[in-house]
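The values are calculated or read from the model by the stated rules, or taken from the named source; none is laboratory data. Since the model is a prediction, treat every value here as computed from it, not as a measurement. Cβ atoms come from the backbone with ideal geometry, glycine included; neighbour counts cover every protein chain shown. Side chains included, ligands, DNA and RNA excluded: accessible areas come from the protein's heavy atoms. Shrake-Rupley method; radii C 1.70, N 1.55, O 1.52, S 1.80 Å.
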Amino acid sequence: GSATHSSTPPPPPPPPPQRRLPPRPPLLHPPRRASAPSSTHVAPLSHAGTPVFLDAVLRIQRAEKDGGEAPGALRECLGAPDVATDDAQDQGPEGIVAHYQERYGMRLVDKLDFPDMKFSLYFLASVKNGVQTPEPGTKEAHQFLWNFPGTTLELTHNWGTEEAESGVAYHPGNEKGDGFGHIAFACDDVYEASEELLSSGVDFKKKPDEGRMKGLAFAYDPDSYWVEIVKNPEPLADKGYNKFTLAQTMLRVKDPKASLKFYMDHMGMSLVREKHFDDFSLYFLATVAEGETGPDPGNPVLELTHNHGTEADPEFKHNTGNEDGKKGFGHVGFLVDDVYAKCEELEKAGYKLKKEPDGGSMKGLAFALDPDGYWVEIIKRGGYDDAATPYFS
């Protein structure tokens, strides 16, 4: 029989496209999708085959242990100021790590100490209720971190920075020419959350009813980084989270077309939302699991802010957070299956590397430069040994 009389039903219509705001300028790229994450809670396998937005890095002045300085080639990557102290000391709950744990409910999922180079890394995440995480600093915690399907806040502490004579070791951004803007946390009620933070002694840049944009707020952390407080579109408890989840990292970009091409075509991110105003536009990128229409609340977005007109100025550039006198924000990081292959892909596409995989003493990890010169760390998913170490000598 002919096709018109076949008993085989026609295929179902394709699903409707994801709703988007009317673009101005026009939409630059369709969304890309990552593969599904594992449901395993300890040492989860994350988005195999696809880059995953792992972390945003802030250099911090105060943490749990202090003393010494980070020498050698790593000082450039870590941005350590020229201060030092000989004795380690416990900063207790006043430290910035405790600040994010106590004020925003983050969980310390791993801690890495490098005594020879005098620095420590703290990895914090918004973790769902009931999810068990290993003891930070253990092999199991390393396996959990370097396979993590979500995004962490990585705090880099160069021992001794709490002794800086000026009292301020790092630049929190948001001065003229700065690219890094803020991190953000989502909550159910911005007003209630802001009142609780205020009552606990947190200082604010902007309270929810101040300024033209009502209903959002900006707090300061102990190092004066800006922390935006925004409303989550649905109750966090419905997704298994507590009062706050890490929601975004904001970077200003010169040319959104170039930036979106880098992060979507090469770093596996999806454009999940965009907003356009008279003189600026916002682009929200995330690692999105296959079959999902948007990121889980535990998977923060990378918010790219474009001030219209900068793309037409050949002399314009942002401070990236790694210049002398401007060091604070460090970089963003992505997990990939093959660091060497990813770097080869980026170089063939015309992007530059700040550190090649075999450069320096830590082999097997790399730093690329995005179109604005922001540092993008490229890390092997699962590491190179049974402790998931993401580098080798």
Of the residues L302, L285, L335, which single one is under 25 Å from P149 (Cβ atoms), hydrophobic (A, V, I, L, M, F, W, C) and touching a Lys or Arg at 6+ places or on another chain (Cβ under 6 Å)? L335
In the stretch 360-386, how many are of a type in the set (A, V, I, L, M), open to solvent by 20 Å² or more (accessible area, probe 1.4 Å) and in contact with a Lys or Arg (Cβ under 7 Å, 6 or more places away or on another chain)? 1
How many residues are at pLDDT 95 or above and assigned to a helix (DSSP H, G or I) if we restrict to the stretch 151-190? 1
Find the residue count for the stretch 355-377, including only residues that are out of contact with any Ser or Thr (no Cβ under 6 Å at 6 or more places or on another chain) and either within 24 Å of V253 (Cβ to Cβ) or acidic (D, E) (or both). 12
Can you confirm whether F334 is at pLDDT 95 or above and not in a strand (DSSP E or B)? no
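Please tell me if D113 is in contact with a strand residue (DSSP E or B) (Cβ under 7 Å, 6 or more places away or on another chain), at pLDDT below 95 and surrounded by fewer than 18 Cβ atoms within 10 Å (Cβ to Cβ).
Answer is yes for this residue.
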Within the stretch 306-328, does at least one residue satisfy the condition of being in contact with a Gly (Cβ under 9 Å, 6 or more places away or on another chain), exposed (fewer than 14 other Cβ atoms within 10 Å of the Cβ), basic (K, R) and touching a residue at least 24 places away in the same chain (Cβ under 8 Å)? yes
Which of (1) closer than 30 Å to G309 by Cβ; (2) at pLDDT below 95; (3) open to solvent by less than 40 Å² (accessible area, probe 1.4 Å) does G240 not meet, given it meets every other one? (1)
Say whether the condition of being in contact (Cβ under 8 Å) with a residue 60 or more places away in the chain and either over 19 Å from V97 (Cβ atoms) or not in a loop (DSSP other than H, G, I, E, B) (or both) is met by at least one residue in the stretch 191-213. yes
